[in-house]
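Peer 1: Can you keep this structure in mind? I'll have questions shortly.
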Amino acid sequence: MIRSQQASCPVFKPRIRDQPWLNERLHQILSRNPAMIPTPDLSHLTTKDYDHVYEPAEDTFLFLDALEEDAESLKNMHASICLEVGSGSGCVTSFIGKILGPSKRNNWLFAVYLCTDINPHACNCTRLTGLQNTYLPIKKVDINPVNGSLATPFQSRLVHSVDVILFNPPYVPTPEEEALIAQTSKDIGGAWAGGWDGMRVTNIFLQAVEGLLSEKGRFYLVALKENNVPQILKTMKDVHNLTGKASLHRPFDTFVVVNIHEINR
């Protein structure tokens, strides 16, 4: 399944709206999959918002497709805590909320949706997207964004407690100085500048994943093929005792969704 929503992105990435052949392909595939989980409504976000926050693009929609592909098994997890690191627009957490279910059932806490972003503009957009995609009160998904770096705000409180971790990191290879400035500025540059191999921020967070995941936990990571996905999987297995797979990619994509789904404790 492929998302049909068009999106723009910085000039260093191909734009869906600039590729008519791809739009036609998206339309053909969508017409054969009428039961797709709807892409979250982002109509409340403006061009001014996207001056400071990453606008959902090809990588985002591949991420949604990977989650939808695992929708049945994700539902069967009965996840109680979901954490998105670098939530940006809030699109991904709003989407997985449709899979995992409401925050409360019969007045009992059912699922907690936490998000972090170093960019305060992104935290606000995530909050607004959560509100924009809220259902009836009995099916409400409460999204809780926190302004902070990676999982730092929750690291000590959620040890081996997070059932689903989502991370679409800054993966674009850039000079190290550019990546450092981007993270320090806490603006849109921090969503894409990833250092010389695109792994500067990702490598930092990979060290924290095992300590956060619950026994049934899953970690979904978006990566460029240039980020050396086999090495990511090897590092997670050899260093952090976690195993997984490249769960979704397509011939015309440069992106891969990595699913860390087995914990060897």
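Peer 1: Going residue by residue through the range 118-131, is there one that turns out to be on the phi < 0 side of the Ramachandran plot, surrounded by fewer than 18 Cβ atoms within 10 Å (Cβ to Cβ), modelled with pLDDT under 90 and in contact with a Lys or Arg (Cβ under 8 Å, 6 or more places away or on another chain)?
Peer 2: no
Peer 1: Let me ask another. In the set ALA179, ALA151, which member is among the aliphatic types (A, V, I, L, M) and either within 22 Å of ASN124 (Cβ to Cβ) or surrounded by fewer than 19 Cβ atoms within 10 Å (Cβ to Cβ) (or both)?
Peer 2: Of ALA179, ALA151, the one residue that is among the aliphatic types (A, V, I, L, M) and either within 22 Å of ASN124 (Cβ to Cβ) or surrounded by fewer than 19 Cβ atoms within 10 Å (Cβ to Cβ) (or both) is ALA151.
Peer 1: Is it the case, given these coordinates, that ASN203 is free of Cβ contacts under 8 Å to residues at least 40 places away in the same chain and on the phi > 0 side of the Ramachandran plot?
Peer 2: When the stated conditions are applied, ASN203 does not pass them.
Peer 1: Among the residues of the range 93-103, is there at least one that is modelled with pLDDT of 90 or more and of a type in the set (Gly, Ala, Ser)?
Peer 2: Yes, the range 93-103 contains at least one residue that is modelled with pLDDT of 90 or more and of a type in the set (Gly, Ala, Ser).
Peer 1: Tell me which residues, restricted to the range 46-70, are surrounded by 15 or more Cβ atoms within 10 Å (Cβ to Cβ) and over 15 Å from the mean Cα position of the chain (by Cα).
Peer 2: ASP49, TYR50, HIS52 - these are the residues of the range 46-70 that are surrounded by 15 or more Cβ atoms within 10 Å (Cβ to Cβ) and over 15 Å from the mean Cα position of the chain (by Cα).
Peer 1: If I filter the range 233-256 down to residues being within 21 Å of ALA79 (Cβ to Cβ) and within 15 Å of the chain's Cα centre (by Cα), which single residue comes out as modelled with the lowest pLDDT?
Peer 2: Initially, the range 233-256 is screened for residues within 21 Å of ALA79 (Cβ to Cβ), giving 236, 240, 242-245, 247-248.
Checking the rest, the ones that are also within 15 Å of the chain's Cα centre (by Cα) come to 247-248.
On the way: SER247: 78, LEU248: 70.
Restricting to residues being within 21 Å of ALA79 (Cβ to Cβ) and within 15 Å of the chain's Cα centre (by Cα), the top hit is LEU248.
Peer 1: Moving on. Give me the residue from the range 214-232 that is more than 16 Å from the chain's Cα centre (by Cα) and assigned to a strand (DSSP E or B) and, out of that set, surrounded by the most Cβ atoms within 10 Å (Cβ to Cβ).
Peer 2: My answer is SER214.
Peer 1: Mind telling me which of the residues VAL162, VAL201 ends up being crowded, with 17+ Cβ neighbours inside 10 Å, more than 19 Å from PRO56 (Cα to Cα) and touching a Leu at 6+ places or on another chain (Cβ under 6 Å)?
Peer 2: On the way: VAL201 fails: touching a Leu at 6+ places or on another chain (Cβ under 6 Å).
Selected residue: VAL162, the only one of VAL162, VAL201 that is crowded, with 17+ Cβ neighbours inside 10 Å, more than 19 Å from PRO56 (Cα to Cα) and touching a Leu at 6+ places or on another chain (Cβ under 6 Å).
Peer 1: Shifting gears a bit: Taking the range 139-187 on its own, how many of its residues are in contact (Cβ under 8 Å) with a residue 60 or more places away in the chain, within 15 Å of the chain's Cα centre (by Cα) and within 12 Å of ILE118 (Cβ to Cβ)?
Peer 2: Residues that pass the stated criteria total 4.
Peer 1: Given the criteria farther than 29 Å from SER73 by Cα and not in a helix (DSSP H, G or I), does GLY195 qualify? Reasoning before the result, please.
Peer 2: Values: farther than 29 Å from SER73 by Cα: yes; not in a helix (DSSP H, G or I): yes.
Yes: the conditions hold for GLY195.
The values are calculated or read from the model by the stated rules, or taken from the named source; none is laboratory data. Just so it is clear, the model here is predicted, and its values are computed rather than measured. When we count neighbours, we look across all protein chains shown, and the Cβ atoms used for this are built from the backbone with ideal geometry, even at glycine.
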